[in-house]
């Protein structure tokens, strides 16, 4: 059985692995909640719009003009006309139009790290 140095003691590899696993687990549980909260926030009443935003972010990472154009086109293809997309990042923003609608379930706001995404029906 191979041995591993941990501090001043030599212990078996299984015990070292278990200890390392416990240290990593305790470190992951003590992460600041602010970091976890900043990673993803949303105000979406429509699961389909949330999925569309996340799918678009995956297709065009860090390319806000392509993301906005793609979200608007796909939303109009799937759900009809009069959709807009707005993306605001820490480096500036890209928007198509930002006229909020009267219907509560036809817009989606997502804050992912330092970028704000809004997709909604406009009138």
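The values are calculated or read from the model by the stated rules, or taken from the named source; none is laboratory data. If you're wondering where the values come from, they're calculated on a predicted model, not measured in any experiment. We place every Cβ from the backbone using ideal geometry, glycine too, and count neighbours over all the protein chains shown.
Scanning the range 36-48 for residues that are over 15 Å from residue 114 (Cα atoms) and assigned to a helix (DSSP H, G or I), we see that the one that is modelled with the lowest pLDDT is 47.
Within the range 77-117, the set of residues being modelled with pLDDT of 80 or more, at positive phi and either surrounded by 15 or more Cβ atoms within 10 Å (Cβ to Cβ) or not in a loop (DSSP other than H, G, I, E, B) (or both) comprises just one member, 82.
Evaluation of residue 61 against the conditions (1) surrounded by fewer than 20 Cβ atoms within 10 Å (Cβ to Cβ); (2) closer than 18 Å to residue 106 by Cα; (3) under 13 Å from the mean Cα position of the chain (by Cα) shows that the sole unmet condition is (2). What do you reckon, is residue 51 modelled with pLDDT of 85 or more, within 21 Å of the chain's Cα centre (by Cα), surrounded by fewer than 15 Cβ atoms within 10 Å (Cβ to Cβ) and not in a loop (DSSP other than H, G, I, E, B)? Taking the combined requirement at face value, the residue satisfies it.
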